[in-house]
Amino acid sequence: MSQQGSVLVTGGARSGKSSFAEKLCMKRAESGMYVATAQAYDDEMQARIRIHQDRRHDSAYGWQTVEEPIALPELLDTLGETVSDAPAVVVDCLTLWLTNVLLQAEPEGTAVMEERLGPSIGRLARAVQVYPGLVILVTNEVGSGIVPEYPLGRIYRDWAGIMNQRLARVCDEVFLVTAGIPVEIKSKEYLI
């Protein structure tokens, strides 16, 4: 039986956040579902996905992998409703999910993109809040670098920050992973 609660794990690229999220799930639950949001459009991305798959396969933990690039809130709702003992879930990663949602709306223009992002993030936050099992969300901290040169990059950077803040508010725990070291920045006892 897995614990209940929600955890947000953030950090920079190659900080160790995915590995930490997987280990945290293995510590808190007997088995887990890994929800992958990445889409392999090229060889380099396929290689990145394979690294994550191999690490889970080598762990002997019994991960079940589900690929869901867009309908993440709906997937969490379905898992929470149809399973009496909701599985422990690791979602990796939210910033790729946000990219997928953003690019799906891009052909319709900037206004439509921005109109869709807020409600999409809101649905995800609600799904996380009501999920009856353990859910661990992995996201990237993208706002610490330079301001992107192009409008789409600035929109993405801004909405990634908004999404991370929104999810950090609703999650019970938040960890920042840097150089492979997780630092707890919000615990269950911490109130904003």
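Side notes on the structure shown:
- With the whole protein complex present, Ile136 retains an accessible surface near 0 Å², based on a 1.4 Å probe.
- Helix 72-82 vs. the chain, principal-axis angle (Cα, 0 to 90°, nearest 10): 30
- With every protein chain in place, the chain: carbon and sulfur % of accessible area (1.4 Å): 53
- HN-Hα J in Hz across the range 20-30 - Karplus 6.51, -1.76, 1.60, θ = phi - 60°, x for Gly and Pro: 4, 4, 5, 5, 4, 5, 5, 6, 9, 9, 6
- Other residues within the sphere of radius under 15 Å centred on the Cβ of Ser120, judged by their own Cβ, net out at -4 (K and R +1, D and E -1).
- Each residue of the range 90-98 is assigned a 3J(HN,Hα), and the resulting list reads 10, 9, 9, 9, 5, 5, 5, 4, 4 Hz, derived from the Karplus form 6.51 cos²θ - 1.76 cosθ + 1.60 (θ = phi - 60°), x at Gly and Pro.
- Fluctuation leader among Ser18, Ser31, Ser144 - the chain, Gaussian network, Cα springs under 10 angstrom: Ser144
- Dipole moment magnitude, nearest 20 debye, the chain about Cα centre, only Lys, Arg, Asp, Glu C-beta charged: 540
- Listed by chain and number, the lysines placed with their C-alpha closer than 17 angstrom to that of Lys186 are Lys17; residues fewer than eight positions away on the same chain are left out.
- Solvent exposure of the chain amounts to 53 Å² per residue of accessible area, where only protein heavy atoms count and the probe is 1.4 Å.
- Kirkwood analysis of the Cα pair distances in the chain returns a hydrodynamic radius of 17.0 Å.
- For Val91, residues with placed amide H under 5 Å, excluding near neighbours: Val35, Ile136, Leu137, Val138
- Coupling constants for the range 129-143 follow from the phi torsions by the Karplus curve (6.51 cos²θ - 1.76 cosθ + 1.60, θ = phi - 60°), and in residue order they are 4, 9, 4, x, x, 7, 10, 10, 10, 9, 9, 9, 8, 9, x Hz; glycine and proline get x.
The values are calculated or read from the model by the stated rules, or taken from the named source; none is laboratory data. Values in this document were obtained by computation on a predicted structure and should not be read as measured data. Glycine gets a Cβ as well: all are built from the backbone with ideal geometry, and neighbour counts include every protein chain shown. The accessibility values were calculated without ligands, DNA or RNA, using every heavy atom of the protein model including side chains. Shrake-Rupley method; radii C 1.70, N 1.55, O 1.52, S 1.80 Å.
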